[in-house]
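As structure tokens, the structure follows; a few thoughts come after it.
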Amino acid sequence: MHLRVINPNTTRAMTDLVGRAARGVAGPGTLVDAVQPTMGPASIESHYEEALAVPGLLEQVALGEAEGVDGYVVACFGDPGLDAARELARGPVLGIAQAAMHAATMVARRFGIVTTLGRTTGRARELVDRYGFAAACTGVRACEIPVLALEDPASGARDRVAEHCRRAVDEDGADAVVLGCAGMADLCADLSDRVGVPVLDGVAAATVLVQGLVTLGARSSTRGEYAPPPPKAMAGLLAGFEVRAPAPVPAGERPAQRQHARV
């Protein structure tokens, strides 16, 4: 089984971090590679940056399809480009927010989310509603730590995240905590011990869930919203993302499920 973890930003240290987190939970015989776009923002902390990250994310999905990748993890808590990626990929695609929320409700009645900047909390709440977890989520807390500062020991990030996790439990009534940033993936075990409740990282959760879906033979539906995008010309900077019609299928072979961008 070949799984691809896509860091939608262009920071190599973040890509390496999510790769380690995913490989740490992958089963025997599962190859996990971690990649990042060739273009896009250094981190994603605004709607503007999220929008500009999506073409690079789709680039990596299209390349993965050409290489026979079986499933994908979108390693950003805003789950950017998730629906579009499912239109391109043959196998399952999971975002770390959706995966972590599902996992949290399997081990606790209610969960809180601890994320980076306050300006990203609206997106987190939007995803809570979209994924159907409004009744289970006790709230979203922001540490006001930029994504790229999480690995800086001088930022005091670990202690600040731990403090907000404690407040989510003690003040908000959470029975588990979801970490709202892929850059927090290496904090889980330490935070669980310090706070005394399950603290869940979406990178690990999504990796395990995608692996399970591939094992089950479950793919994204090709009906309705996740049907392949229609062949259509693209212009300017997006010309390389033109979707081509599928090639004719030789007699006796199964047709491909997806049409692919030309990245």
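Inside region 46-74, can you point out the residues that are assigned to a loop (DSSP other than H, G, I, E, B) and surrounded by fewer than 21 Cβ atoms within 10 Å (Cβ to Cβ)? Hits for region 46-74 are 46, 68. Contact map, region 203-226: residues that are among the hydrophobic types (A, V, I, L, M, F, W, C) paired with residues that are surrounded by fewer than 18 Cβ atoms within 10 Å (Cβ to Cβ), Cβ distance under 6 Å, separation 6+ or inter-chain. Pairs shown: 204/25; 208/25; 214/1. Would you confirm, using the coordinates I've provided, whether residue 210 is assigned by TED's automatic domain parsing to the domain that holds residue 153, β-branched (Val, Ile, Thr) and surrounded by 15 or more Cβ atoms within 10 Å (Cβ to Cβ)? Here the answer is no, as residue 210 does not meet what is asked.
Condition check: of a type outside the set (A, V, I, L, M) and either touching a strand residue (DSSP E or B) at 6+ places or on another chain (Cβ under 6 Å) or crowded, with 20+ Cβ neighbours inside 10 Å (or both). Does residue 196 satisfy that? Against the criterion (of a type outside the set (A, V, I, L, M) and either touching a strand residue (DSSP E or B) at 6+ places or on another chain (Cβ under 6 Å) or crowded, with 20+ Cβ neighbours inside 10 Å (or both)), residue 196 does not qualify.
Results for (1) more than 17 Å from the chain's Cα centre (by Cα); (2) farther than 30 Å from residue 11 by Cα; (3) charged (D, E, K, R); (4) assigned to a strand (DSSP E or B), shown as yes or no for each residue.
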residue	(1), (2), (3), (4)
162	yes, no, no, no
188	no, no, no, no
191	yes, no, no, no
200	no, no, no, yes
206	no, no, no, no
221	yes, yes, no, no
230	yes, yes, no, no
240	yes, no, no, no
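Specify the residue that is surrounded by the fewest Cβ atoms within 10 Å (Cβ to Cβ); the eligible residues are those in region 23-44 that are in contact with a strand residue (DSSP E or B) (Cβ under 8 Å, 6 or more places away or on another chain) and closer than 20 Å to residue 217 by Cα. If we take residues in region 23-44 being in contact with a strand residue (DSSP E or B) (Cβ under 8 Å, 6 or more places away or on another chain) and closer than 20 Å to residue 217 by Cα, then 31 is surrounded by the fewest Cβ atoms within 10 Å (Cβ to Cβ). Could we say that residue 80 is within 16 Å of the chain's Cα centre (by Cα) and either more than 26 Å from residue 218 (Cα to Cα) or among the acidic types (Asp, Glu) (or both) here? The answer is no for residue 80.
Go through (1) closer than 21 Å to residue 83 by Cα; (2) in a loop (DSSP other than H, G, I, E, B); (3) in contact (Cβ under 8 Å) with a residue 12 or more places away in the chain one by one and return the number of the condition residue 132 breaks. Result: residue 132 fails condition (3) only.
Scanning region 135-182 for residues that are at pLDDT below 95, loosely packed, with under 15 Cβ neighbours inside 10 Å and of a type outside the set (Asp, Glu) yields 153, 154, 156.
Just a yes or no: is a residue in region 21-35 without any contact (Cβ under 8 Å) to a residue 24 or more places away in the chain and assigned to a loop (DSSP other than H, G, I, E, B)? Talk me through it step by step, then tell me what you get.
Pass one, region 21-35, residues without any contact (Cβ under 8 Å) to a residue 24 or more places away in the chain: 23, 28.
From the residues that got through so far, the ones that are assigned to a loop (DSSP other than H, G, I, E, B) too are 28.
Yes, some residue in region 21-35 is without any contact (Cβ under 8 Å) to a residue 24 or more places away in the chain and assigned to a loop (DSSP other than H, G, I, E, B).
Hey, any hits in region 112-121 for a residue that's surrounded by fewer than 21 Cβ atoms within 10 Å (Cβ to Cβ), over 19 Å from residue 185 (Cβ atoms) and assigned by TED's automatic domain parsing to the domain that holds residue 8? Within region 112-121, none of the residues are surrounded by fewer than 21 Cβ atoms within 10 Å (Cβ to Cβ), over 19 Å from residue 185 (Cβ atoms) and assigned by TED's automatic domain parsing to the domain that holds residue 8.
The set of residues in region 81-93 being within 20 Å of residue 68 (Cβ to Cβ) and either of a type in the set (S, T, N, Q) or in contact with a Gly (Cβ under 8 Å, 6 or more places away or on another chain) (or both) consists of 89, 91, 92, 93. If we scan region 40-52, do we find a residue that is touching a residue at least 24 places away in the same chain (Cβ under 8 Å) and closer than 20 Å to residue 213 by Cα? No, every residue in region 40-52 fails to be touching a residue at least 24 places away in the same chain (Cβ under 8 Å) and closer than 20 Å to residue 213 by Cα.
The values are calculated or read from the model by the stated rules, or taken from the named source; none is laboratory data. These numbers were taken from a predicted model, which means no experiment stands behind them. Reconstructed Cβ throughout: ideal geometry from the backbone, glycine too, with neighbour counts over all protein chains shown.
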